[in-house]
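Okay, structure first, notes after.
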Amino acid sequence: MINPMQQVVIATRKRDSEAVIAALQNAGVLHLKPITGGPLNTGTLAGTDAQSRREDERLLARVESTLAELGSYRPAPAPLPAQNTWADTIEQAALPVAALARQRQELQADLDAEAAYGDAVRALAKLAGGLDSSRRVSTVPFLLQPTDNVAELEAALNETLRDRHALATDTVGQNRVGLIATLRTERDAARAALGKVRLGELRLPGRFDSMSLGEAASALGQIKQSGESRQRELNAERDRLAQTHTPALYALRDALKDRVAIHDVRAVSARGKYSLAMQGYVPEDRVPALQAALGTFGDAVSYELHAVDEHHDTLVPVELKNNGYVQPFQTVMGLMTLPKYGTFDPTWVVALFFPLFFGIIMADIGYGLMFLAFGMWLLGKARRNEGWNLSFFGAFVPPATLKDLGFVTNVMAAWTILWGFLTGEFFGTLLEHMHFFYINPELLNSLWSWTGVTYPIEEGVKHYGVIPIVFPRLETAYFSNVALVFALCFGILQVLWAWAIRIQQGIKHKDSTHTWEGIALFGGVLALIMLAFATKAGKDFSAFTNFSDVRVLVMYAGFAAFIVGWLRVIKHYPLLPVELLSQGGAVVSYARIFAVGLVSAILAKLCTDLGWSLGETLGFIGILIGVILGIVLHFFVLALTLIGHILQPLRLHMVEFLNPTGFNAESSPRYNPFAASAPPRGRLNNFQECSP
């Protein structure tokens, strides 16, 4: 259900506003709504308020950057320093941390340079033999790939420099390095020759670019020798600084974030010279917390609570509040937008029908046990307060979400196992091959003969086993129509239910257009359904004149309701007959439950039958091969079809069921209470002390 909201307007003296806003922040129940227009000031802060905001934002940015450089996790809560020492406390931590960060960054750059160029530079320095320090001779280093031809380079050099150069190469790892020595005045000609054969001069990064090869080799050698130990020293220094400053920095960050949030609240409030007014929403069950927060100020604060106008106010926030079974399915509802306040919360419908539809589609005990094991694994991680790092998708699932997903998965597994018993499927027909499940013609005829379907009883054929199959969907020769109509019954229920909700919501909100639209399409869809049943899916149109058939009477009444409703809204919905045909198709869409489930069952049957036939044909070796092949094929089929088996029930709810209700047409903002970043721990006193 949608948690009922109360609208609240709060007025206070400007000199008390900071303490009042802080109290609301600590209470964490008020969803603020900006005030626009009116005689009081709104919008951007000015004067001393703007200056205070800029200073708080500057300090917050300084704290955030310092904590990022320290790279530490949040420690245990620490006392908040006195407000007049905040700037000094931050700078005492930020200055040494910034200096250390520069040292670590420079060292890391040196280590990266040594890892990338160290071996090459040492080989080049050896090739140079001191010529790189000469005043008259210039050296041009370069890198060679295994496919590069040195002869082409030699030819290009001879063409421009003739005998006024020397060329040497050496192997370094899988590549080669080379060095050209020539007169300093002809260095550009050597570079041009390199470019002519699609090679480039080796340029070292950063400070090493200005060094000679010998100096660079010496510097990189020192880095290789002492860089890692120096890095450990700097990391140890960072850990020491983190241990010293992180508790206070986190406390300051929370306080500054809350102060900046207070400035934001002022910006969306109405401000006069001596007063400030705020408005927002609070859930009815949290009104006592709001009253307790404001009650401490006595006459300094005036506030008024009243019921929201759910018919006209478009900004009322929504918070879903459901029982213990339905609440985990709000994670599934997170795939959709929130409902509009004052309308219909479909979470409980999804909680009831989504796992049921999934169970009907899968309907396999073996698959159900696999889902149950997966659900228990998710719940186990949640109980250990562990998240799930889905690095492949770049996502992290927190423990609370894992708990909900584990519960939903277990409900889906329970329905899958239950329907597996009804269809007699365990990894397809495995238990049927083992005569655990079996077909009992007499039982099936007693159960389903009222539909006009009879199971053929063959003389001399004995059926035996432990548990009889009561919903034999794999017996497509005679049971397909029953399973199809069974699936369509859910479409009849949900589509009619959806238009009934449309009617109810139209009456509730005094919206005659949507009311008559709902009446028209409810009646029209009902008429089409009765038409299909009365004429046996169009096979007997003589039924139109059989007024003794209740279905025919309901059909005519439904068409009459459609015509009357359409005439009332024809100005808004002139193409409503086309929509009626679309809604008839929506009912037929529920055949997906039958079709997708049957395909899943046939694929599982083929996987098992193949493995079983190998065992019967090849003996013991065939059994081993059949088991391995069956497992592989079942896993492969499940991996390919699982997403579709989950998405199909979701689609039926999102489109066929929720579209008629108007759920997808309108939405409301999520309830997002104004709350503190951390427990208050005396912060209110600090704000009260600094109030002017």
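The values are calculated or read from the model by the stated rules, or taken from the named source; none is laboratory data. Bear in mind that the values here come from a model prediction, so they are computed numbers and not experimental data. Here Cβ is always computed from backbone atoms with ideal geometry, including for glycine, and neighbour counts include all displayed protein chains. In case anyone asks, the SASA skips ligands and DNA or RNA and just uses the protein heavy atoms, side chains included. Shrake-Rupley method; radii C 1.70, N 1.55, O 1.52, S 1.80 Å.
General observations
- Surface exposure of the chain, expressed per residue as accessible area with a 1.4 Å probe, stands at 51 Å².
- Using a Förster distance of 56 Å, the FRET efficiency for Glu152-Ala98 (Cβ separation, nearest 0.05): 0.65
- In segment 126-180 the Cα-Cα distances spread across 10 Å bins starting at 0 as 22, 51, 25, 2 percent of all pairs.
- Over segment 285-395, the ratio between the Cα radius of gyration and 2.2 N^0.38 Å evaluates to 1.60.
- Based on DSSP H segments of at least four residues, each scored -39500 (n - 2.57), the chain has a per-residue ellipticity at 222 nm of -20000 deg cm²/dmol.
- Shown here: the chain, whose C-alpha atoms stretch 116, 90, 51 Å along the first, second and third principal axes, sorted largest to smallest.
- Chain lengthening between Tyr438 and Ser548 when straightened (0.36 nm per residue, less Cα-Cα): 35.4 nm
- Sites matching GluC sites (Glu not before Pro) across segment 423-527 that sit in DSSP coil, with at most 13 neighbouring C-beta atoms within 10 Å: Glu458, Glu459
- Cα pair distances in segment 262-333, grouped into 5 Å bins until the bin that holds the longest one, percent each: 3, 10, 16, 18, 20, 14, 9, 5, 3, 1, 0
- Per-residue Karplus couplings for segment 564-579, computed as 6.51 cos²θ - 1.76 cosθ + 1.60 with θ equal to phi - 60°, are listed in order as 5, x, 5, 4, 6, 10, 4, 5, 8, 10, x, 9, 4, x, 5, 5 Hz, Gly and Pro entered as x.
- Using alpha-carbon coordinates, inclination of helix 187-196 to the longest axis of the chain, degrees: 30
- Shape call, segment 533-670: gyration tensor on alpha carbons, a/c limit 1.5: oblate
- Averaged over residues, the count of other Cβ atoms within 10 Å places the peptides 558-568, 166-176 in the sequence 558-568, 166-176, highest first.
- Under a 5 Å amide H cut-off, with hydrogens placed 1.01 Å from N, Asp345 pairs with Ile2 among residues at least 5 apart or on other chains.
- Couplings 3J(HN,Hα) of segment 377-392, computed from phi: 5, 4, 5, x, 5, 5, 5, 7, 6, 9, x, 10, 8, 8, 4, 4 Hz, in residue order, whole Hz [Karplus 6.51 cos²θ - 1.76 cosθ + 1.60, θ = phi - 60°; x for Gly and Pro].
- Overall form of segment 1-65: oblate. Here a/c, set by the Cα gyration tensor axes a ≥ b ≥ c, is 1.5 or more, and a/b is not larger than b/c.
- Note on segment 373-509: the C-alpha convex hull projects to 14.4 nm² when averaged across all orientations.
- Shown for the chain: the carbon plus sulfur share of the solvent-accessible area, taken with all protein chains present and a 1.4 angstrom probe, equals 60%.
- Reachable lysines, given that their alpha-carbon falls under 29 Å from the alpha-carbon of Lys508 and they are not under 8 places away in the same chain: Lys33, Lys321, Lys340, Lys571
- Those GluC sites (Glu not before Pro) in segment 81-134 that DSSP places in a loop and that have at most 15 other beta carbons within 10 Å: none
- For segment 80-222, the pair-distance distribution built from all alpha carbon pairs, in bins 10 Å wide starting at 0, is 11, 33, 25, 11, 8, 7, 4, 1 percent.
- One chain, two ends: Trp497 and Glu228. Fully extended at 0.36 nm per residue, the span grows by 89.9 nm beyond their Cα-Cα distance.
- The angle between the Cα long axis of helix 213-267 and the longest principal axis of the Cα atoms of the chain comes to about 50 degrees, rounded to the nearest 10.
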